[in-house]
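Each remark here refers to the structure printed beneath this line.
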Amino acid sequence: MGDTPHRSAHAGTGGTRVATSHEWPAGASARVAEPSGTPGMPDNGLGGGGGLPRARAFGAERAFRGLTLAAGTTVLVVIAAIAIFLIAKAVPALRANSESFWTFEGWFPNDDPPKFGIGALAFGTVLTALLALLMAVPVALGIALYLSHYAPRRLGNGLGFLIDLLAAVPSVVFGLWGRDYFAQPVADLSAWLNRYFGWIPIFGDGPYGNSILLGSVVLAIMVLPIVTSLSREVFRQTPTANEEAALALGATRWEMVRTAVLPYGRPGVIAAVMLGLGRALGETIALALTLGSTYAISFNILQSGGNSIAANIANRFAEANDTGRGALIASGLVLFAITLIVNITARAIIYRRREFTESAA
Amino acid sequence: MAKRIEATDVTAYYGGFKAIENISLTVEPKTVTALIGPSGCGKSTFLRSINRMHEVLPGARVEGSLTIDNQDIYDRDVDVTAVRRMIGMVFQRPNPFPTMSIFENVVAGLRLNGVRRKSILEEAAEKALRSANLWDEVKDRLGKPGAGLSGGQQQRLCIARTIAVEPQVVLMDEPCSALDPISTLAIEDLMFQLKDKFTIIIVTHNMQQAARVSDRTAFFSIEKTGDPGRLIEYDNTQKIFSNPSQKKTEDYITGRFG
Ligand SMILES: Nc1ncnc2c1ncn2[C@@H]1O[C@H](COP(=O)(O)OP(=O)(O)O)[C@@H](O)[C@H]1O
Ligand SMILES: [Mg+2]
C-alpha cells in the first residue's frame, strides 16, 4: 500500500478518540499480561506431550483485574463521601438563609439573619463562560485547522508546541496579567464599543474596569489552548483515504476540509469545546482577579462588575463563618449541577448522530 | 464523454526517490486499459499522476507531459480541481465518507460543483447508483450511513460517487483487491458497462482480471528494489497474454517472477 501515506494507520479511530480514551487501560492490561508467555521459552504444556495447558490459578491478568476493580470502587466511595460532606454542610446554611437562595442579589451569610442568593453568581458564571467560548472557539478551530491541514509540518509542530505551552501557564498568572496589564486596553475597547455600538444593550455605560468583558477575554485566552490542541489532534486523525476521496472529486483544499475533515472531527470538536467550557465554568482565581465582584444580574458586559460562583468562593472564603462556609459550599453544589448539565447536554449532542460516527470506527 | 490520454516521458518522484521513469503510452477513448506488474513497480504512482493526485503528497512531483485530448493537464494555467473532476478515481480500499449517508456520498461531488437543487441531486444519485449496479440494493435506505454497507457495496458506492460527476476518464487502483470474489465479479461486470461511456484505466495485480476486463494492457516492472519503475510492454491484452514480445512480460504472466 505504498500509495497511501502513513496517517491512514489511524483510520477510523480518530473521531471518538477523545470520548473513548478511558477504554485504553483494558488494552493496556492485555499487553501487561502478555510477557507471561515469553516467546522462545519452553512454555508449560505447549511444547510437551500431553494435553492443553492448564489455566493459571493466579496470573498477572487476575491481579490486574482486582487492582482496577479496587481503584474503581475507591473512586466511587470517595465521590460519595465528598457528596455527603458537602450536602451536610450546605443544608444548615440554606435553612438559615432569610432570603431566597435563587433570586436574592447579594451575599451576606455572616449577617444575622444570613442573606445570600446564587442567582447573580450563576448568571455571571454562565455568561462569562459562554462569552469566553464565543470568542475562543472560532479562533481555536481556525488555528487547529491551520496547524493540521495548512501549515508545513515543521511549522505546525512548532506552533502546536507553543500553544500547548500556553495551556501550562498557571491561571493566577493570567489573572494577574488580566488585572494589571490588560484591564486598561479592555477599558479603552469598552469605551469605543459603547460609543459606536452603545445601542446594543450589552455595550452599556461605564464605569469601565474589572468587567464581565475583561473576565471573559482572559478566560477565552485560557481555554484557547485546550480547544486548539484537542481539535488539532482530532483533525489530524481524519483518514487520509477520505481526504483523498474529496480531492479526487475535484475539491479545493477548503472544500476537502469541509467535506472530509470537519464532519469527521465533529464529535471530537464538541468534546473539546465541552472540556473548554468545563474549564471556563470552574475557573476560579483568574476570574476572582478580573471580575468586579458585585452581586447584580446585568447584561451590560462592559460595566465594572460581574461575578462567578468559583470566584466568589475564592474571594469570600477567608472571612466566612460557619454559615458563610455552608453558603459557599451550597454555591459550589450549584456549580457542580451546572457543569453536570453541560456535560450531559454535550453527550446527548455527540450520541445523537451515533449511527454515523460508530460506523465510521 | 470519453477522451484520449497521452503520456510522454512521465517521470515521478517522492522527494528524492524516482518511482517511475519515462513512461510513455496512449490510452484510447472508451477502452479499458489494465496496468499490471509486480508490486512496487509504480503502477499506482503512474495512475495518480494522471489525475494529479500524486502531487498531493508532500515532496512528490511529476515530470514529462500528460495530455487529455491534446490538452496538457500539467499546464500552469490549468485548474487542478477541473482536472480531477474530469478524471475520476476509485481507490484500492472503499473510502465512502463515514459521516455521510449513502445519498450524500453519491452526490458529494455534485455538491462540490455547487449543485443545490434537490430534484437534480436525486435524479443524478439514482442514475449514478443504477450505473454502479447498486440502486436496487440501496434504494430503500438512501439515508443510512454509507459505511454500513458491505465492502463490495461500499466500493460500488465509491464508483457511483466517482461517476456521478460525469468524468471523462475513470482511474481505478486495484478496486477489487479488498473484496470477495462475488463482489469482484460484480465490479468487473460494471466495468464492461462503464466502458461505453468512460475511458477506464485499472491497476490490478490479478492477471486473470486484466485478461477478462481490459482491451489493452501495460506491463510495468523494476530492475531491482530502489530502481524506478519502467513500462516494459504495452499492447492489446490478447497479444500480451498469448504472445508477448518481451521476455520479461512472458516471465511475469507465466508466473516465473513477480
Ligand atoms: N508515499 C510514498 N512515499 C515514498 N515512496 C513511495 C510512496 N508511495 C509509493 N512509494 C514508492 O514508490 C514506488 C512505487 O510504488 P507504487 O506506485 O505504489 O507501486 P505499485 O502500485 O506498482 O505497487 C515503490 O518503491 C514505493 O515504495
Ligand atoms: Mg499500488
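What follows draws every value from the coordinates through simple rules; no lab data is involved. As the structure is a prediction and not an experimental result, all values here were calculated from the model. In this analysis, Cβ positions are derived from the backbone assuming ideal geometry, glycine residues included, and neighbour counts consider all displayed protein chains.
Amide H contacts under 5 Å for B:Gly64: B:Thr11, restricted to partners 5 or more places along the chain or on a different chain, H placed in the peptide plane at 1.01 Å from N. Return one number: the angle in degrees, 0 to 90 and rounded to the nearest 10, between the long axis of the Cα atoms of helix B:151-164 and the longest principal axis of the Cα atoms of chain B. That helix lies at roughly 90 degrees to the long axis.
Based on alpha carbons, the Rg and Dmax found for the range A:57-139 are 21.9, 66 Å.
Can you figure out the FRET efficiency of A:Ala296 with B:Lys118, using R₀ = 56 Å and their beta-carbon distance, to the nearest 0.05?
Details: r = 51 Å, r/R0 = 0.91.
After rounding, the FRET efficiency stands at 0.65.
With the simple spin-label model, which puts each label point 7 Å out from Cα in the Cβ direction, the A:Ala55 to B:Asn206 separation comes to 4.3 nm. Look at the dipole of the protein assembly as shown built from charges on Cβ: of A:Pro207, B:Val165, B:Gln153, the Cα furthest out on the positive end belongs to B:Gln153. Scattering from the protein assembly as shown was approximated by placing one identical point on each alpha carbon and applying the Debye formula without solvent; log10 I(q)/I(0) at 0.05, 0.07, 0.08 1/Å stands at -0.35, -0.64, -0.78. Note on chain B: GNM, Cα springs under 10 Å; of B:Leu110, B:Leu185, B:Leu66, the largest mean-square fluctuation is that of B:Leu185. Equivalent ellipsoid of the range B:49-162: semi-axes from √(5λ) of the C-alpha gyration tensor, largest first, are 30, 16, 12 Å. Each of B:Met172, B:Met191 was scored by other Cβ atoms within 10 Å of its Cβ. Listed from fewest to most, they are B:Met191, B:Met172. The range A:82-108 and the range A:306-337 have Cα centres separated by 9 Å. With N as its number of residues, the range A:99-241 has a Cα radius of gyration that, divided by 2.2 N^0.38 Å, comes to 1.35. So which lysines can A:Lys89 reach, going by Cα to Cα under 27 Å and dropping same-chain residues fewer than 8 places off? In chain and number order, the partners are A:Lys115. Overall, the range B:1-152 carries a charge dipole of about 480 debye about its Cα centre when +1 sits on the Cβ of Lys and Arg and -1 on the Cβ of Asp and Glu, all other atoms neutral. In this structure, the residue pairs whose Cα-Cα separation is over 31 Å, taken from B:Lys118/B:Lys197; B:Lys118/B:Lys195; B:Lys139/B:Lys195; B:Lys139/B:Lys239; B:Lys30/B:Lys224; B:Lys30/B:Lys127, are B:Lys139/B:Lys239; B:Lys30/B:Lys224.
Compute the Kirkwood hydrodynamic radius of the range A:115-360, taking the inverse of the mean of 1/r over all pairs of distinct Cα atoms, and give it in Å to one decimal. If you can, show how the numbers build up before the last one.
On the way: mean 1/r = 0.0511 Å⁻¹.
Final number for the Kirkwood radius of the range A:115-360 is 19.6 Å.
Using a Förster distance of 56 Å, how high is the FRET efficiency between B:Ser24 and A:Ala348, based on the Cβ-Cβ distance and rounded to 0.05? It would help to have the intermediate numbers written out before the result.
Details: r = 59 Å, r/R0 = 1.06.
E between B:Ser24 and A:Ala348, to the nearest 0.05, is 0.40.
Fraction of C-alpha pairs exceeding 29 angstrom in chain B: 30 percent, rounded to a whole number. For the range A:196-319, the spread of Cα positions along the three principal axes, ordered from largest to smallest, is 63, 39, 17 Å.
Look at A:Trp177, A:Trp107, A:Trp192 and count the other Cβ atoms within 10 Å of each Cβ; fewest to most, that gives A:Trp192, A:Trp177, A:Trp107.
Residues B:Leu149, A:Leu289, ranked from the fewest to the most other C-beta atoms within 10 Å, line up as B:Leu149, A:Leu289.
Roughly how many Å is it from the Cα centre of the range B:136-212 to that of the range B:38-71, as a whole number? Spelled out, the Cα-based centre of one part sits 21 Å from the other. Rounded to the nearest 10 degrees, the inclination of helix B:102-112 to the longest alpha-carbon principal axis of chain B is 70 degrees. Site pair A:Val173 and B:Phe17 shows an inter-label distance of 4.2 nm when each label is modelled 7 Å from Cα along Cα→Cβ.
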